[in-house]
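S.K.: Submitted below is the structure of interest, expressed as structure tokens.
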Amino acid sequence: MGLFWLALNKTNFENGGVLLLKRRKGLGLALLTAVFTLYFLAASPQQVYAMHIMEGFLPIGWALFWWAVFIPFFAFGVRSVTRLTREAPELKLMLGLAGAFTFVLSALKLPSVTGSSSHPTGTGLGAVMLGPLPMSVIGSIVLMFQAVLLAHGGITTLGANAFSMAVAGPFAGYAAYRLLMKTARKEWLAVFAAAAIADMTTYLVTSVQLSVAFPSVHGGIWASFLKFGGIFAVTQLPLAVSEGLLTVLLWKWLKAHSPNELSVLRRGMKEAEPS
């Protein structure tokens, strides 16, 4: 009988130790995530110009053009989100998490070129979890809220801003993630690259949008692109690296605390791939 109680107490002690280690690991990841979030807040001055491209800054022709380019992606995104939530309603919380992460990070801005601003985008995480199409809906909703409630960006420039942040960025980030998962097979590296490349691609496309709308008198579109892209790079490169690190920390936290939801997402994405 005494040996039985000793064995039972030893098992309880070992289980308690494993549970304690898991809790400490989760707290450590949460603390690191909080540190990076505070870094973004501290590095974001209060005086800013706009979310990406501000209201009324683009000529009306270019504003309508980017709306026309963006709308088909939004339509396919709505269909993708509808299918996802119909087949797995429990994943609505993951959609909300992707939206909240994008909203918080993209609301932290640094003044950049006239009529625009630099900031992390937060779309890489959603692209990895959900795929790029749902992010066209989530990202555009985030931009709409910021334009209406925070006066960051605008309605006329929403098509251009949504195409750069909610379409181009997530597609590029997702492509980088899939490529690295097939080649390097290191998940943390693939997640980091997805977030950083989604961030940089957003500003590459924004530079193109500004340069075609405002070509330089001397050198045309190419000279204008080099000017806009060069200015963005000064602020965006460190932001992209920081966002990649923060996204890796959050991804590890999700794997530790929401493995079932992530497995459902991965299974749904594999089923949606063409055979």
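The values are calculated or read from the model by the stated rules, or taken from the named source; none is laboratory data. Being a predicted model, the structure only gives us computed values, none of them experimental. Cβ placement follows ideal geometry from the backbone for every residue including glycine, while neighbour counts extend to all protein chains displayed. Keep in mind that these areas ignore ligands, DNA and RNA; they rest on the heavy atoms of the full protein, side chains included. Shrake-Rupley method; radii C 1.70, N 1.55, O 1.52, S 1.80 Å.
S.K.: Given the structure, is L143 in contact with a Phe, Trp or Tyr (Cβ under 8 Å, 6 or more places away or on another chain) and crowded, with 18+ Cβ neighbours inside 10 Å?
M.R.: no
S.K.: On the given criteria, is V128 crowded, with 24+ Cβ neighbours inside 10 Å, touching a residue at least 40 places away in the same chain (Cβ under 8 Å), of a type in the set (V, I, T) and farther than 24 Å from S211 by Cβ?
M.R.: Numbers: crowded, with 24+ Cβ neighbours inside 10 Å: yes; touching a residue at least 40 places away in the same chain (Cβ under 8 Å): yes; of a type in the set (V, I, T): yes; farther than 24 Å from S211 by Cβ: yes.
Judged against the criteria, V128 is a match.
S.K.: Quick check on region 236-255: of everything there that is touching a helix residue (DSSP H, G or I) at 6+ places or on another chain (Cβ under 9 Å) and open to solvent by 30 Å² or more (accessible area, probe 1.4 Å), which residue is modelled with the highest pLDDT? First the steps, then the outcome.
M.R.: Residues of region 236-255 touching a helix residue (DSSP H, G or I) at 6+ places or on another chain (Cβ under 9 Å): 236-237, 239-255.
Those left that are additionally open to solvent by 30 Å² or more (accessible area, probe 1.4 Å): 237, 241, 245, 252-253, 255.
On the way: L237: 86, V241: 91, L245: 94, K252: 91, W253: 90, K255: 87.
Selected residue: L245.
S.K.: Counting only residues that are among the hydrophobic types (A, V, I, L, M, F, W, C), closer than 11 Å to L265 by Cα and at pLDDT 85 or above, which one in region 84-125 is surrounded by the fewest Cβ atoms within 10 Å (Cβ to Cβ)?
M.R.: From region 84-125, those among the hydrophobic types (A, V, I, L, M, F, W, C) are 84, 88, 91, 93-95, 97-98, 100-101, 103-105, 107-108, 110, 113, 125; that's our starting set.
Checking the rest, the ones that are also closer than 11 Å to L265 by Cα come to 84, 88, 91, 94-95.
Then keep just the ones that are at pLDDT 85 or above; that gives 84, 94-95.
On the way: L84: 23, M94: 21, L95: 18.
Selected residue: L95.
S.K.: Here's another thing I want to ask about it. In region 198-228, how many are more than 28 Å from G126 (Cβ to Cβ), open to solvent by 40 Å² or more (accessible area, probe 1.4 Å) and part of a helix (DSSP H, G or I)?
M.R.: 4
S.K.: Let me ask another. Show me the helices (runs of 4 or more DSSP H) entirely contained within region 94-197 in which 3 or more residues are among the β-branched types (V, I, T). Quick ask: steps written out before the conclusion?
M.R.: On the way: elements: 123-130, 132-149, 158-162, 169-183.
Passing ranges, in order: 132-149.
S.K.: Test L189 against the stated conditions and say whether it is touching a residue at least 60 places away in the same chain (Cβ under 8 Å) and either surrounded by fewer than 17 Cβ atoms within 10 Å (Cβ to Cβ) or of a type in the set (A, V, I, L, M) (or both).
M.R.: no
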